Amino acid sequence: MGIDELKVLVLGGGGREHALVHELAKSPHVDAIQVAPGNGGTAGEPRTINISLDIEDPRAVADYVEDNDITFVVVGPEAPLVAGVADAVRKVGIPVFGPDQLAAQLEGSKQFSKDFMARNDIPTAAYHVFESDERDEAIACLDEMGAPVVIKADGLAAGKGVTVATTIEQARDAIDDSFNGRFGEAGDKVVIEECLAGPECSVICFVDGATVVAMAPSQDHKRVGDGDTGPNTGGMGVYSPVPLVSDATYQEMVGIMQQVADALVAEDIPYRGVLYGGFMLTKDGPQVLEFNVRFGDPETQVLLPRLSSDVAEVLYATAEGRLREIELDWDDLDGVSVVMASGGYPASCETGFPITGIEDAQTIDGVTVYHAGTTRDEQGVAHTCGGRVLNVTALAPTFEEAMRRAYDAVDRIHFDGAFTRRDIGLKALIDKDT
Ligand code: AMP
Ligand code: GLY
């Protein structure tokens, strides 16, 4: 199957998927795009429709692909990958961007990921694993390790499974919560981890077998409030590149990602997709905090607009195992992407409000607005339908200008209860000055 006249199925419905669809729709290789479930933004892209499909059911996705002559599948979120959707689609002979179920365990199981790193000498925090019938042993381990200490539910927990405990009591509560079913089966096992310190940075790479093509570093903002205060969220904004990361440190992280890819090959674990390395820059060098087996959200919303290469070519080459033929071209611009969220997020929030001002915001040079939690009504008006509603991305020659553009755009967009952090990108300025 050639790369022309692609009929693409994209799985997912967040800001990340809107960014992917927005770029795919620009490619001359792409004839039509279907997105499951998509959102109000993907619905408005050229040659694109939203469809309804159980994206975590491998059989249902493979059947849909066959019945609708889909020629390429791009998987956004982790859950379908962990469920084995990529395996099922590959089995019916259609290229998929996204790894098989086995490799997806790098994100789907903290224990799998830590054991993989340990046996392959990938720098990461020391750790111990306990099952729910080993509570006493887990508590004894805590006492030995002391606080601060990190407790992680083994399985997927929608970003909520990690507790950085500053006291032993907190750590004990986190273990009890996990064993008492707070995360369902995902919490039946816990990883107790040494607490690392330092700034965080992500290096997101295209990987096929031993070929690794790294994207620029980026920095997410997990806490809901300015100055990194308040509860954790799915991510409130991101900037890229990361001025505090020197070239040498970046190369060190890329080297670690290459070591991971080589280890996957040595262990006979096929990988075709994106591998996201979350790092902590400790005084002893970068250490891996976690892997994700897919594009970051909201990192994608700041990385893809800077990529001047044809995204369809890059994704398809990765899926076909031809990544070594690809060289990525990047715009030499600084990027800031700010999340506009519904009042109350990350706790429960009221939704269903009309959104105005998006078109006006996009008249600002360098600004693109990606939809996340939105739908459109019959008149085509976008309404809020989730916690994180929009990602407002601005590119500019400097971070100062990118921030100015992003917040100018944010101020032109309105819906009831909307809020943002006001400091996305500030760290890039501060780190640059010192
Ligand atoms: P994870 O889902 O594993 O990335 O963890 C979520 C967040 O918890 C990370 O972004 C870090 O801020 C924090 N974290 C995870 N592991 C550690 C660790 N070993 N030491 C300190 N903080 C950590
Ligand atoms: N931004 C973090 C993630 O995608 O998991």
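The values are calculated or read from the model by the stated rules, or taken from the named source; none is laboratory data. Computed from a predicted structure; not experimentally measured. Heads up, the Cβs are rebuilt from the backbone with ideal geometry, glycines too, and the neighbour counts pull from every protein chain shown. Note: accessible area is taken over every heavy atom of the protein model, side chains too, but ligands, DNA and RNA are not part of it. Shrake-Rupley method; radii C 1.70, N 1.55, O 1.52, S 1.80 Å.
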#### Entry: Only one of 154, 136 that is more than 22 Å from residue 278 (Cβ to Cβ) and more than 16 Å from ligand 2 (Cβ to nearest atom)
136
### Query
When both residues are 6+ apart or on different chains and their Cβ atoms are under 9 Å apart, which pairs have a first residue that lies in the stretch 108-133 and is more than 24 Å from residue 185 (Cα to Cα), and a second that is open to solvent by 50 Å² or more (accessible area, probe 1.4 Å) and of a type in the set (S, T, N, Q)?
120/259; 121/259; 122/259
### Task
Determine, yes or no, whether residue 297 is charged (D, E, K, R), touching a residue at least 40 places away in the same chain (Cβ under 8 Å), away from ligand 2 (no atom under 16 Å from the Cβ) and surrounded by 15 or more Cβ atoms within 10 Å (Cβ to Cβ).
no
#### Entry: Count - residues of the stretch 248-294 that are among the aromatic types (Phe, Trp, Tyr), open to solvent by 10 Å² or more (accessible area, probe 1.4 Å) and in contact with a helix residue (DSSP H, G or I) (Cβ under 9 Å, 6 or more places away or on another chain)
1
### Message
If I ask for residues that are open to solvent by 20 Å² or more (accessible area, probe 1.4 Å) and of a type outside the set (S, T, N, Q), which ones from the stretch 300-327 would you list?
### Response
305, 310, 313, 320, 322, 324, 325, 326, 327
### Query
Taking the stretch 340-360, which residues are under 16 Å from residue 405 (Cβ atoms) and surrounded by 14 or more Cβ atoms within 10 Å (Cβ to Cβ)?
340, 357, 358
### Selection status of residue 98, within 25 Å of residue 273 (Cα to Cα), touching a strand residue (DSSP E or B) at 6+ places or on another chain (Cβ under 6 Å), within 16 Å of ligand 2 (Cβ to nearest atom) and at pLDDT below 90
no
### Query
Picking from 257, 340, which residue would you name as being within 18 Å of residue 222 (Cβ to Cβ), modelled with pLDDT of 95 or more and not acidic (Asp, Glu)?
340
### Residue among 268, 262 that alone is farther than 26 Å from residue 338 by Cα, of a type in the set (Asp, Glu) and touching a residue at least 24 places away in the same chain (Cβ under 8 Å)
262
### Message
Residues to consider are 114, 110; find the one that is buried (at least 17 other Cβ atoms within 10 Å of the Cβ), within 16 Å of ligand 2 (Cβ to nearest atom) and of a type outside the set (Gly, Ala, Ser).
### Response
110
### Residue ranges of strands (runs of 3 or more DSSP E) in the stretch 9-76 with at least 2 members surrounded by fewer than 18 Cβ atoms within 10 Å (Cβ to Cβ) and not β-branched (Val, Ile, Thr)
30-37
### Task
Could you please find all residues in the stretch 77-94 being assigned to a loop (DSSP other than H, G, I, E, B) and either touching an Asp or Glu at 6+ places or on another chain (Cβ under 6 Å) or open to solvent by 10 Å² or more (accessible area, probe 1.4 Å) (or both)?
77, 92, 93, 94
### Task
Give the stretch 216-245 a look and list any residue that's in a loop (DSSP other than H, G, I, E, B), within 14 Å of ligand 1 (Cβ to nearest atom) and of a type in the set (Val, Ile, Thr), or say none.
233
### Task
Identify, by number, the condition in (1) within 21 Å of the chain's Cα centre (by Cα); (2) closer than 18 Å to residue 232 by Cβ; (3) surrounded by fewer than 20 Cβ atoms within 10 Å (Cβ to Cβ) that residue 385 doesn't meet.
(2)
### Residues within the stretch 328-339 that are within 16 Å of ligand 2 (Cβ to nearest atom) and either of a type in the set (A, V, I, L, M, F, W, C) or open to solvent by 20 Å² or more (accessible area, probe 1.4 Å) (or both), tallied
3
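Within the stretch 418-431, is there a residue that is farther than 19 Å from residue 225 by Cα and within 25 Å of the chain's Cα centre (by Cα)?
Within the stretch 418-431, one or more residues are farther than 19 Å from residue 225 by Cα and within 25 Å of the chain's Cα centre (by Cα).
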### Task
Take the stretch 201-231 and flag every residue that is more than 14 Å from ligand 2 (Cβ to nearest atom) and free of Cβ contacts under 8 Å to residues at least 40 places away in the same chain.
228, 229, 230
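One line per residue, one yes/no per condition, for (1) more than 28 Å from residue 216 (Cβ to Cβ); (2) among the β-branched types (Val, Ile, Thr):
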position	(1), (2)
345	no, no
355	yes, yes
361	no, no
368	no, yes
374	no, yes
377	yes, no
382	yes, no
385	yes, no
405	no, no
### Query
Does the stretch 57-65 contain any residue that is small (Gly, Ala, Ser), modelled with pLDDT of 95 or more and within 25 Å of residue 391 (Cα to Cα)?
no
### Query
For residues in the stretch 159-200 being under 29 Å from residue 218 (Cα atoms), without any contact (Cβ under 8 Å) to a residue 60 or more places away in the chain and open to solvent by 80 Å² or more (accessible area, probe 1.4 Å), which is nearest to ligand 2 (Cβ to nearest atom)?
164
